[in-house]
Every structure is written in C-alpha cells, then in structure tokens.
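Following: one structure in structure tokens, then a few remarks.
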Amino acid sequence: MNIWLGTIQLGVKSLWLHPMRSILTVLGIFIGVASVIWLLAISKGIGDEAQRQIESLGADTIMIRTIKPPSEKMAAQGLTPYGLTRDEYEFLSTSIPTVKSAIPIRELRRQFQYRDRKMDGRLVGCTPEYYDVNKLEMEQGHFITDAENFSKETHCVISSKVAERLFPAEDPIGKRVYMPENQDFYLVVGVLKPKGATAAVGGSMAAQDFTNDIYIPIRTLQQRIGDMVMSFRSGSREGEVIQLNQITLRVADIKDVKRTAELVQTALSSHDKMEDIQVVVPLELLEQARTTRAMFMLFMGMIAAISLLVGGIGIMNIMLATVTERTREIGIRRALGAKRRDIIRQFLVETSVLSLTGGLTGILFGLLCGPAVHGARLLATHWFGDVMAELPEVVRTVEPSIVPASIPGAFFISLVVGIVFGIYPATRAAKMNPIEALRHE
Amino acid sequence: MSRLAEVKVSDASMDTMRYACRVVEMKKEYVLKSETVRALRGVTFDVPEGDYVAIMGPSGSGKSTLLNMLGCLDKPTSGSLFLGKDDVAKMDDDQLASIRSQRIGFVFQAYNLIQQLTVVENIQVPLFYQGRPLSKEQQTRSLDLAKMVGLGQRLDHRPTQLSGGQQQRVAIARSLVNDPYFILADEPTGNLDSRTTEEILQLFEKLNNEGRTIILVTHEDEVSKRAKRVIRLKDGLLQWDRLNTQEVRDAAAKYAIENMPVEV
C-alpha cells in the first residue's frame, strides 16, 4: 500500500519536473477522451432526433400513400385517375382484423385568405383520428368531430402558424377562412399548438411539417372540392384525379404491424402495375434508424478511438525519451535496492498518472458538451447568421446527448492506454544494467 | 574460459559475523565480442567489522569490477562473496537488490542523488525499496542522519540547491540509513575540492571511530593514507594488502590541513 502511494507521489513529482512536457502529453489523452465523449454525444443527439421524428409517425401505424405514377403509365390524353380510392379505404378499415382504425386523408395545396391577408398552405381532409395519430394538441377550440364529418360541415381547424399569419391580432375562433380557388368559406372551430416536423416518408414527400395546415372533414372536402383538382403552374394547366392521398392504419397490437403491412401490400397488389402507391411502415423505419444510428455511433467512436491511440503513442514517445533521460536515476535506484519490478512500477505509475489526468480532465470537458455546443451555436448565429441559416436543419438544432457508458468507458480506455503504452518504456527501463546505467551521463 | 570449480569455503562459514564481508577466490570474466577479459583472477580478502579499507590500483586493475561485486551490482563468475552468512554469488537479481537495500551503503563519486526528491526523501530511498512502510523509528533516524551530516536546516532542499560537498554529505547520510554492513564509497572525493574532501574524509573517520565499516575505492594516495588498511590490485590480482600505521594516517591528515588553500 505504502509503496504504491509512495510511487504515485514520486511519479507526480517526476512529472512535475517537466511541467510543459507533461501537460502536452496529457493533452493528447485529454483530446482523445473528450472527443470520444463529444462525438458519441453529438451522434447520439442526431440519431435521437431522427428517431424522435420517426416515432412521431407512430410505431403502431402503417401508412399507404398515393404517389404520382411515372408519366409513361399515364394516359397521353386527359387525366388518369390514380392512387388510393375510398373503396379501398372502406375495405382496409373493415376487413383486416388487426386494424384498430383507419384514417383517410386528402391533401391539397391551397391559398388561404382572411380579409386582406393571404398565405399558401396545405388543406387536409381527414377524420377525427388524425388528431391522435399525429399527436396534435389543441391550443383552443376542438378538432374536427365525427358529427362534423358526417354532416359535411364547412368547419376547419387551423395550425398555429396559420392562426398567426391570418389572425395576428384576433381570436380566430368563429372567423371564416376564405379559399379563393374554390370560392369557399370555412368556419374556424379550433387552433392547434405548434408542432415539430416528422420524418420524411419515402421519396415522394418531404418531412411533414404541420405548420401551414388547415384541417377540414374529409367528407366536406369530397363534396365541395371533389377528386379532380386543377392547378395552374408555370403557365400550363395541370390536373390530378385522386380520391385519397393517404390511408393511415392503426394496428391494435404492435406485434402485428409487420404482418398487417404484408397483408395490406397483398390487398393492394392491383396498384403494382401503376406504381401509384407506397406502403410506409414507421416501425421498419424506426428499426432502420436504430441500426443506422448504431453504425454512425460506432464509426464516430472509432474516429475518437484513433485520437486516443494517437494520444497513447504520444505517451509512449515521451516515456521512452524520459527513460533514456533518466537512465542515471534508474541506475541509482537499482543500486540502492530497487528491483526490476520497482522500476517497472515506477514508470507504469507515471504513464498511468499522465493518462488518467488526461482521462479525468477529458471527461470533465466531455460533460460540458451540451452547454458548449449551445454556446458555439449561439456565437455562430450571432456572427455568421447568414451562413448558419443555410446549414442543414440538423446542424442548427442538434442536441448532444451524452452516452452514459462513454464516461466509464473513456476512463477505462485511458487507463488501459496508459498501461499498454507504458509497458514498453517501463520494461526497457527495468532491463537496464545498473552498472551501465550508473555510468550513463 | 572455463568456469572453475568453486573453491572450498568450509572455514569461511564459521565466525562470519565478525566480518562485514569476505571475498574468497573471486574471479570475474567478461566476454567482449570474441575476446574474454579476465577482470578479476582470484582475489581473496576479509573485511572485519569496523575496518576502514582503501582499495587502490591503476585503471584496468579490476578495481571497478571488484567494487561492482562488493556492491552486489554484479555477480562473480566464480568464487564467493559473503555478506554475513549469505553468499552473494549464488543470488538472483531480486535477491541482490534486496541485499543492496538492506546491507550496503553506497557513496558515489557523482553523489547520485535523485533530483526530484528533497534531502530527507533522498536519505530514505533505500528504506523505500525495502518494501515496508516507514516506521517512526526510521523516520527519526533519517532526520537524525541529516542533522549528523550538518543538513538539519536544509531538509526540504532539492539536490540542485546544494553544493557538491553538501550533496555528498546527503549521500553519506543515505548510505547509513539502512544500517548497512559496510559503506562502499567509490571515489567519494573525486569531484570535490581539497577543503570539502577534507570535510568528507573527516566525516568518514568519525563514522569509522563510531564502529562503521568503510570500504573506499580511490586512486589518490592522500586519500588512501587516511584509511586503516590499503588493498592494492594489479592485473586482476591482489598486489598487496597492508595496514597504515597511525603515524601515517595522522601525518596525512595533518598534511592535508596544512596544505589547504587559504580562503580568499
């Protein structure tokens, strides 16, 4: 016990003889350990965000989306109807036993207007279940009800951004939103709370953000707008005939999700020829995202591990120089009774002190990851606001989340690095012949 | 070339306690490339307790080799070296190390203090390698030794803050801390001016008068004359082994003091 304590004391004293050299050596390990923690925390943060987005799609859901078929499959003349139909919705919602509920969804780009304020947004026709599945929350009023859907009321629920844009200084409830394209008014019955985007689903659709949405009952939409939608884009008329853009199925038991998805695929196999639908299973996406995240973290961890390795080599390098420089001291100690193992112990303790100091300070600095990223982002936005605004969303919003295991892990690795890279210099020191070591100048 | 059969030492085992060490037919050969150097060709002598021996000899006489053997830093090719009842020639590296930490007090020409340690810590190094926690007794002993060599006021100093003579005195205190069988001093005054040399030699004399055994390797006649006994080696063999009379020793001491340069 005493000999270890004494050796540690001695090690610290010896290292302190060359403070600059020791600090630089420690820096190597410090950077290694800190980067392990930082890289893992940041990659976990990114992974968590992706996973959160997918989770917000709902792990118990299956989404069947209408996608625009390739142009060669469309009729040359006129408009070809494509996509999901209301019959299919009826069929899926009633004939698959594992399905708890089904939501038909129709989405349109529309202009919204209130008095002189206009904005472009997304008009969504849906049923009340839409609210739960997409985890929306009400700011005031209520979401579309079955009764409203059934009686095809011209009621609507607006998202917070729409409320902000169209009704900046008024209570929107009870006001009517005008849609100039089909010259229709919709009574606002509810306002939603702001909500973050979900993951992008497939290639056909960007991430859903629920910011510019107005929701109306699907039956109202069907009656007042219909299936055919014309739009004027860059001078030419374009149209589409779609009954439903999406059907979202909720599965009663999460275990049945994959089986149900297969069943749905088979049931809708008539669409295979047109290639106009796509079945998205968030659960599968979630699993994929988890794998991707694990790979990503492993990769980042390896990069960080390399920097630790470099730090370790730095330690070995310095210790080899130290051993040569202290040959005489080794000789003196051997002459005064130090055994080979005492010399090994002395040098191993010194490398361990170096690497553990680096490890501990690295961990402390690693724990500062969250605040540091925040601070850096704040400064960057302050100084290079324009550049920052152009960076991908993830860079601007990522929240590093420290992987708990990385802390004991980093500590342990730094200890191992200290010992492993200390062994060679230490044995070299111990192998010295005391007589020659004493003669060394 | 051939390893000689061990010389019988039946009588050596008797009564060894009176001796600090006994060297019996000690031989040492080094193989350098193809050539075999016979550094010691069979040396025998005893060092009784309380003796003060100077070992002399020209370079190449085997003086340093003998010193390394006596210091248990190396093992003889054949022959024996008894420290107490134990034959060092038969020991392995670890055993030699523990003998060094327990029974030998080294004093070197270049002082050989450890730079990162203070005076007291340097004195305690041999105790540290005995592998036991320092006892209270050892703690006070090391402080007493520091005081005895006149460094009681500089316990916290580092070697770099001390003069050569002071460093050598720390080394002497260190050599005594483990209460060794003998002090083995290798040219202890080689790096010192005549005034400090005299200080160190007087310290040795004082220690010897207190009963310490001292073996001193030197090539200076003035130093060897101060010892009780001079052993001279030549070509790996004992050339002669004679006692200095008290008159010779006193004369040498007197001469040294009288010829000391006057301090300016």
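The values are calculated or read from the model by the stated rules, or taken from the named source; none is laboratory data. Everything numeric here is computed off the predicted structure, so don't read it as measured data. With ideal geometry, Cβ positions are generated from the backbone for all residues, glycine too; neighbour counts draw on all protein chains shown.
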In the range B:128-147, which residues are in contact (Cβ under 8 Å) with a residue 24 or more places away in the chain and more than 9 Å from every other protein chain (Cβ to nearest Cβ)? B:Gln138, B:Arg141, B:Ser142, B:Leu145, B:Ala146
Among the residues in the range B:239-256, are any within 17 Å of B:Asp51 (Cβ to Cβ), of a type in the set (A, V, I, L, M), surrounded by 20 or more Cβ atoms within 10 Å (Cβ to Cβ) and modelled with pLDDT of 90 or more? no
Checking A:Ser307 against (1) modelled with pLDDT of 85 or more; (2) among the polar types (S, T, N, Q); (3) surrounded by 13 or more Cβ atoms within 10 Å (Cβ to Cβ), which test does it fail? (1)
Out of the residues in the range A:127-150 that are surrounded by fewer than 18 Cβ atoms within 10 Å (Cβ to Cβ), out of contact with any Leu (no Cβ under 8 Å at 6 or more places or on another chain) and over 22 Å from A:Thr85 (Cβ atoms), state the one that is modelled with the lowest pLDDT. A:Lys135
Sole residue being among the acidic types (Asp, Glu) and over 19 Å from A:Gly226 (Cβ atoms), chosen from A:Glu90, A:Glu139: A:Glu139
Within the range B:206-230, can you find the residues that are crowded, with 23+ Cβ neighbours inside 10 Å, farther than 21 Å from B:Arg22 by Cα and not β-branched (Val, Ile, Thr)? B:Arg226
Of the residues in the range B:116-144, those that are in a helix (DSSP H, G or I), loosely packed, with under 13 Cβ neighbours inside 10 Å and among the hydroxyl-bearing types (Ser, Thr, Tyr) number 1
Among the numbered criteria (1) under 27 Å from A:Ala102 (Cβ atoms); (2) without any contact (Cβ under 8 Å) to a residue 60 or more places away in the chain, which single criterion is violated by A:His155? (2)
Checked A:Pro400, A:Pro434, A:Pro404 against criteria (closer than 30 Å to A:Val310 by Cα, surrounded by 14 or more Cβ atoms within 10 Å (Cβ to Cβ) and not charged (D, E, K, R)); the one match is A:Pro400
For the range B:137-196, enumerate the residues that are charged (D, E, K, R), within 19 Å of the chain's Cα centre (by Cα) and closer than 15 Å to B:Leu127 by Cα. B:Arg174, B:Asp179
Would you mention how many residues in the range B:56-98 are touching a helix residue (DSSP H, G or I) at 6+ places or on another chain (Cβ under 6 Å) and within 8 Å of another protein chain (Cβ to nearest Cβ)? 3
Residues located in the range A:267-282, provided they are surrounded by fewer than 13 Cβ atoms within 10 Å (Cβ to Cβ) and in a helix (DSSP H, G or I): A:Ser269, A:Ser270
Please state which of the following conditions A:Phe91 fails to meet, knowing it meets all the rest: (1) away from chain B (no Cβ under 14 Å); (2) surrounded by 21 or more Cβ atoms within 10 Å (Cβ to Cβ). (2)
With the condition kept exactly as written, say whether any residue in the range A:47-56 is assigned to a loop (DSSP other than H, G, I, E, B), surrounded by fewer than 23 Cβ atoms within 10 Å (Cβ to Cβ) and more than 14 Å from chain B (Cβ to nearest Cβ). yes
Whichever residue in the range A:115-126 is surrounded by fewer than 22 Cβ atoms within 10 Å (Cβ to Cβ) and out of contact with any Asp or Glu (no Cβ under 7 Å at 6 or more places or on another chain) and, among such residues, is nearest to A:Ala59 (Cα to Cα): A:Asp120
Kindly indicate which of B:Ile114, B:Ile104 is under 30 Å from B:Ser163 (Cα atoms) and more than 18 Å from the chain's Cα centre (by Cα). B:Ile114
Only strands (runs of 3 or more DSSP E) wholly contained in the range B:193-264 count here; list those with 2 or more residues that are farther than 28 Å from B:Leu162 by Cα and without any contact (Cβ under 8 Å) to a residue 24 or more places away in the chain. B:237-243
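Conditions (1) of a type in the set (Ser, Thr, Tyr); (2) farther than 16 Å from A:Thr127 by Cβ, marked per residue:
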position	(1), (2)
A:Met20	no, yes
A:Ile29	no, yes
A:Leu40	no, yes
A:Ala50	no, yes
A:Ser56	yes, yes
A:Ile64	no, no
A:Thr80	yes, yes
A:Leu84	no, no
A:Ile105	no, no
Lone qualifier among B:Val31, B:Val37, B:Val43 - being at pLDDT below 90, surrounded by 13 or more Cβ atoms within 10 Å (Cβ to Cβ) and either more than 14 Å from B:Phe182 (Cα to Cα) or touching a Gly at 6+ places or on another chain (Cβ under 6 Å) (or both): B:Val37
Among A:Ser35, A:Ser22, the single one that is in contact (Cβ under 8 Å) with a residue 24 or more places away in the chain, within 14 Å of chain B (Cβ to nearest Cβ), buried (at least 20 other Cβ atoms within 10 Å of the Cβ) and not β-branched (Val, Ile, Thr) is A:Ser22
Answer residue from the range A:324-358, given it is aliphatic (A, V, I, L, M) and more than 11 Å from every other protein chain (Cβ to nearest Cβ) and is surrounded by the most Cβ atoms within 10 Å (Cβ to Cβ) among those: A:Leu354
Residues that are of a type in the set (Val, Ile, Thr) and either closer than 30 Å to A:Gln246 by Cα or more than 37 Å from the chain's Cα centre (by Cα) (or both): does the range A:20-37 have at least one? no
Which residues, taken from the range A:374-411, are over 29 Å from A:Ile29 (Cα atoms), in a loop (DSSP other than H, G, I, E, B) and not aromatic (Phe, Trp, Tyr)? A:Leu391, A:Pro392
Looking at A:Ala321, A:Ala380, which is the one that is among the aliphatic types (A, V, I, L, M), over 30 Å from B:Arg132 (Cα atoms), outside the structural domain of A:Thr248 (by TED's automatic domain parsing) and surrounded by 15 or more Cβ atoms within 10 Å (Cβ to Cβ)? A:Ala380
Can you list residue pairs whose Cβ atoms sit under 9 Å apart, with the first residue in the range B:108-125 being within 7 Å of chain A (Cβ to nearest Cβ) and under 14 Å from B:Asp156 (Cβ atoms) and the second being buried (at least 21 other Cβ atoms within 10 Å of the Cβ) and acidic (Asp, Glu)? Count only pairs 6 or more apart in sequence or on different chains. B:Gln116/A:Glu329
